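The values are calculated or read from the model by the stated rules, or taken from the named source; none is laboratory data. Computed from a prediction, not measured in an experiment: that's the story for all the values here. Cβ sites come from the backbone with ideal geometry, for glycine too, and all protein chains shown count toward neighbours. When the accessible area is computed, the model is the full protein with side chains, heavy atoms only, and any ligands, DNA or RNA have been set aside. Shrake-Rupley method; radii C 1.70, N 1.55, O 1.52, S 1.80 Å.
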Amino acid sequence: MSFPDLPPVPEPDSLLEPIEAEVVPLPTDERPHRGSAGGPVPFADQVPATEQVLPSWVPRGDNAEAPPTAYVPPWAGQDNSTAGHPGTGGFNTGGFGAASSVNGSPGTGPFSGGFPAATGPQPAQPNVPPYPDGSEQTTVIPPVAPPAGFDHSETRHDQTGHNHVESPVLQGDSRPLDDGTLVKRERQAPRKGWRRAVYKATGGTINPRNPRSEVYREKLVSAIRTPLAGDYRIAVLSLKGGVGKTTTAIALGSTLASLRGDRVIAVDANPDLGTLAQRLPRETDSTVRDLLADRNLNRYSDIREHTSQAPSRLEVLASERDPAAAEAFNDEEYRGVLGILQRFYNIIITDCGTGLSNSVMKGVLDTADSIIVVSSPAIDGARSAASTLDWLDAHGFGRLVSSAIVVISSSRPGSPNVDIEQMTEYFSARCRAIRLVGFDDHLAEGADVDLNLMSKSTRMAFMELAATVATDFTNPRHR
């Protein structure tokens, strides 16, 4: 079988034909040329950036003035090229360290030895431009940490010409290194209620937060337990009877004794057959006169023979029960009793009578650290309390008025018809604090006072009163 003759295959080079191309020279201003051959140059009529008139607040490049002088640390003059810390150069002001060059010459920095130095003039850093209104903007550079081994001490010359070195005080954390700052303590376990049940059922894995009322109570307990150096004497008084003066003395003393670890005693200084000892279980028939007649009082156990102690640990020293001899209890005898008790007790509460002019009241007020004035939420009770403060001011006991605590005790249920807020504002301007004690069925019985039988609100009110009293334990005495 025969095939027709085919034309010869051309060589590869013969397929390429020369193409004539026109070479267009670049523009003389070295700006990018994007036009066609022989065509107009785009933006050719635009004024170069260097010839534009710019606002005064726009950076002007090389025409800018030298930057303002920045803070120079005392070690800036050292050679930091090999120290490994920022010094006088190494970076520009817009970055990490100081300016690498101000006049266009390269600077020396922490990395100048590890990298080749730049050759030729370097562009100067533009100055911080002023604001449009012409005011200058200040460059704030944070202080640089001193290098390792830098000596902070300074050598000063005193008046005698001798040199002495002063080292600056380090401004560090002022918190003490104790258990509260170093030891991580777990949240306190709940003491009662469903939170306690959940805590025990989960083996402590779930520990619910205590309610706010419990947190507040713990703060009151902490305030009540304020340490006390020596003894502190409180006088509970009122010009009007039947307002709850004796009840306040017993409840306050019981609260302090039950929450503190020191000894608390209440003394009946009422010359008119006081009833203080009748508000708790009676353990002895001894009175203040029996205590003064005892010449063998060398130990605390000797004093306990003359006092009665309540379940709250509060002790009570009864007054004289003989009507004929009760009037003879005077200032000198009270001071004698106080001199004995202050050796064995930290807190001494005195239940005063309703009068202020009797002999024993002079000794009570002269030796008291603070007073508690009890009033009822009634007009006559408020007037009596105000008259008590006026009498004290007039007889030279102004220090007791300014530190006094007014207790407004309600003797019947329900809201009083008197504006309690106005009473509070009046006494707040004259006294240190005002506390309100609502009606309580247990206290209204007139029998033995038991903290466990009080209502929750009444017990909280006496805790607040005790905490207010305890805040004065750290103050210096003025008696």
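Let's see how each residue does on (1) out of contact with any helix residue (DSSP H, G or I) (no Cβ under 6 Å at 6 or more places or on another chain); (2) closer than 25 Å to residue 386 by Cα:
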residue	(1), (2)
251	no, yes
270	yes, yes
278	yes, no
282	yes, no
285	yes, no
303	yes, no
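Open to solvent by less than 40 Å² (accessible area, probe 1.4 Å), closer than 24 Å to residue 440 by Cα and not in a strand (DSSP E or B), is that true of residue 284? No; evaluated as a whole, the condition is false for this residue.
Regarding the stretch 382-395, can at least one residue be identified that is within 20 Å of residue 460 (Cβ to Cβ) and of a type in the set (A, V, I, L, M, F, W, C)? No, there is no match, as no residue in the stretch 382-395 is within 20 Å of residue 460 (Cβ to Cβ) and of a type in the set (A, V, I, L, M, F, W, C). Can you give me the number of residues within the stretch 370-388 that are within 23 Å of residue 473 (Cβ to Cβ) and of a type in the set (A, V, I, L, M)? Number of matching residues: 4. Report yes if residue 399 is touching a His at 6+ places or on another chain (Cβ under 8 Å), open to solvent by 20 Å² or more (accessible area, probe 1.4 Å), touching a residue at least 24 places away in the same chain (Cβ under 8 Å) and farther than 23 Å from residue 250 by Cβ, otherwise no. Criteria met by residue 399.
Quick check on my filter: what residues within the stretch 327-354 are farther than 18 Å from residue 237 by Cβ and at pLDDT below 85? Within the stretch 327-354, 327, 328 meet the criteria. Given the condition open to solvent by less than 30 Å² (accessible area, probe 1.4 Å), within 16 Å of residue 288 (Cβ to Cβ), touching a strand residue (DSSP E or B) at 6+ places or on another chain (Cβ under 7 Å) and modelled with pLDDT of 90 or more, answer yes or no: does some residue in the stretch 355-377 qualify? Within the stretch 355-377 (the criterion being open to solvent by less than 30 Å² (accessible area, probe 1.4 Å), within 16 Å of residue 288 (Cβ to Cβ), touching a strand residue (DSSP E or B) at 6+ places or on another chain (Cβ under 7 Å) and modelled with pLDDT of 90 or more), the answer is yes, since at least one residue qualifies.
Looking at the structure I just gave you, is residue 232 of a type in the set (Phe, Trp, Tyr), more than 27 Å from residue 384 (Cβ to Cβ) and either at pLDDT 90 or above or in contact with a strand residue (DSSP E or B) (Cβ under 8 Å, 6 or more places away or on another chain) (or both)?
Answer is no for this residue.
Scanning the stretch 195-210 for residues that are in contact (Cβ under 8 Å) with a residue 12 or more places away in the chain and under 26 Å from residue 259 (Cβ atoms) returns 195, 207, 208, 209, 210.
Selection of first residues in the stretch 350-361 that are touching a residue at least 60 places away in the same chain (Cβ under 8 Å) and hydroxyl-bearing (Ser, Thr, Tyr) and of second residues that are outside any loop (DSSP other than H, G, I, E, B) and crowded, with 21+ Cβ neighbours inside 10 Å, restricted to Cβ pairs under 6 Å at least 6 apart or on distinct chains, gives the following pairs, ordered by first then second residue: 350/235; 350/267; 350/364. Can you tell me which residues in the stretch 422-437 are over 29 Å from the mean Cα position of the chain (by Cα) and surrounded by fewer than 17 Cβ atoms within 10 Å (Cβ to Cβ)? Within the stretch 422-437, 422, 426 meet the criteria. Against the criterion of being in contact (Cβ under 8 Å) with a residue 40 or more places away in the chain and assigned to a loop (DSSP other than H, G, I, E, B), residue 407 does not qualify. The lone criterion from (1) aliphatic (A, V, I, L, M); (2) at pLDDT 90 or above; (3) more than 43 Å from the chain's Cα centre (by Cα) left unmet by residue 324 is number (2).
Taking the criterion of being open to solvent by 10 Å² or more (accessible area, probe 1.4 Å) and not in a loop (DSSP other than H, G, I, E, B), the residues of the stretch 258-276 that qualify are 258, 259.
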